[in-house]
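Let me begin by presenting the structure, written as structure tokens, before commenting on it.
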Amino acid sequence: MTESVVLGSIAEVRRMLDAHRCAGRSIGFVPTMGALHAGHQSLMRASVAANDITIVSIFVNPLQFAAGEDLGSYPRDLARDTDCCADARVDLLFAPSAEEMYPGPMATVVDVPPFAAPLEGASRPEHFAGVVTVVAKLFSIMGECRAYFGEKDWQQVAVVTRMAADLSMPVEVVPCPTMREPDGLAMSSRNIYLTSDERAEAPVLRRALDAGLAVIAKGETDPAMVEAVMADTVATASLATLDYVAAVQAETLVADGPLHGEVRLLVAVRFGKARLIDNDGGMVPGKPA
Ligand code: AMP
């Protein structure tokens, strides 16, 4: 197993990636907050397959955590993460300190209100401005590249794709499918917060999505009815507290009347200390001609 080279400074990353680009090599970039798992590795493998050089960033971004969220307790283990990157044949690992990324207070914030305001944005009002600002910084550090994001964070993919397009960034955002445990629970760094009883109930998120998709397949187009079916499913888990369920158009992340075409179902649930999110997509059956 070849070690991934670990870099801590923005200048070093720029120097190395510029040299690779000058030599005609393509760059793939996978931004993460560490505590890496097989979901992250699937993004790394997609990048390694499509690019000459893959760089992973590990940065627990203080800007995207509100007071009282899990910034202090978020799992951190750089040695294990380095092995995980090497295992996926990642070339470079960028693990900056908070001081390297934010040497002083930020006066500039990037935000994408139409995509960032609903859903996660409604539950975590400061979250997306923090995410988009750090991703804008990371894209500026990486330069021309393909950037790999998980569909598990569907709204994040929409927000980041729009930001890169609006600001003419030389970055192609590549969405990748959600990796799941055998019982359907989406892999997440936050799953380690679950007690064994909570872990046993956590696949209810997947079941809520399946229940919503099933009624859509049978012809239900009222978003409120689909959301009610999803919420009823979550309510079968005694340890779960529902944050939100949503049935929306996949492209806009809002419902504009009866569901039509490509739709996305999303769910956020609290289990004790853990807040879990998941989503899946489907098509509203076409009307017979
Ligand atoms: P995070 O470290 O949680 O910020 O995630 C870094 C990237 O990995 C994001 O693009 C996530 O959407 C993606 N990711 C997280 N979990 C999964 C998963 N289970 N399957 C695929 N991608 C994932």
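The values are calculated or read from the model by the stated rules, or taken from the named source; none is laboratory data. Predicted model only: the values in this text are computed from it and were never measured. Quick reminder, even Gly has a Cβ in these numbers, built from the backbone with ideal geometry, and neighbours come from all protein chains shown. Keep in mind that these areas ignore ligands, DNA and RNA; they rest on the heavy atoms of the full protein, side chains included. Shrake-Rupley method; radii C 1.70, N 1.55, O 1.52, S 1.80 Å.
Overall, the ratio between the Cα radius of gyration of the chain and 2.2 N^0.38 Å, rounded to two decimals, is 1.03. DSSP assigns beta bridges within the chain; of those with both partners inside it, close to 50 percent run antiparallel.
Across segment 157-170, rounded Karplus estimates of 3J(HN,Hα) from the backbone phi angles (6.51 cos²θ - 1.76 cosθ + 1.60, θ = phi - 60°) give 4, 5, 5, 5, 4, 5, 4, 5, 6, 4, 9, 6, 7, x Hz, Gly and Pro being marked x. Relative to the Cα centre, the charge distribution of segment 127-277, modelled as +1 at Lys and Arg Cβ and -1 at Asp and Glu Cβ, gives a dipole magnitude of about 460 debye.
Quick check on the chain: helices-only [θ] at 222 nm, where DSSP H runs of length 4 and up contribute -39,500 (n - 2.57) each and the sum goes over total residues. Nearest 500, please. My calculation for the chain gives -11000 deg cm²/dmol from helical runs alone. With a simple spin-label model that places each label point 7 Å from the Cα along the Cα-to-Cβ direction, the separation between residue 6 and residue 23 comes to 2.3 nm. Each residue, residue 241 and residue 98, gets one label point 7 Å from its Cα in the Cβ direction; the gap between the two is 2.5 nm.
Residues considered: 201, 69, 151. Largest GNM mean-square fluctuation over the chain, using C-alpha springs under 10 Å, is found at 69.
Only protein atoms count toward the accessible area here, which uses a 1.4 Å probe; on the chain, the carbon and sulfur part of that area reaches 56 percent. The distance separating the Cα centre of segment 101-151 from that of segment 186-255 comes to 25 Å.
Here's how it looks for residue 90: its modeled amide H is under 5 Å from none belonging to a residue 5 or more places away or on a different chain. Dipole of the chain (Lys/Arg Cβ +1, Asp/Glu Cβ -1, origin at the Cα centre): which of 78, 93, 110 lies farthest to the positive side? Of the listed residues, the answer is 93.
Taking Lys and Arg as +1 and Asp and Glu as -1, the other residues whose beta-carbon sits under 14 Å from that of residue 26 total -2. Taken over the alpha carbons of segment 190-283 as equal point scatterers, the Debye sum produces base-10 log I(q)/I(0) values at 0.13, 0.17, 0.23, 0.24 Å⁻¹ of -0.41, -0.66, -1.04, -1.11.
Length available on full extension from residue 151 to residue 77: 0.36 nm per residue minus the Cα-Cα distance, which gives 24.2 nm.
From the square roots a ≥ b ≥ c of the eigenvalues of the alpha-carbon gyration tensor of segment 101-148, which class results: rounded (a/c under 1.5), prolate (a/b over b/c), or oblate? Cα axes put segment 101-148 in the oblate bin. Here the Karplus curve 6.51 cos²θ - 1.76 cosθ + 1.60, taken at θ = phi - 60°, turns the phi angles of segment 104-109 into couplings of x, x, 7, 9, 10, 10 Hz, with x standing for Gly and Pro.
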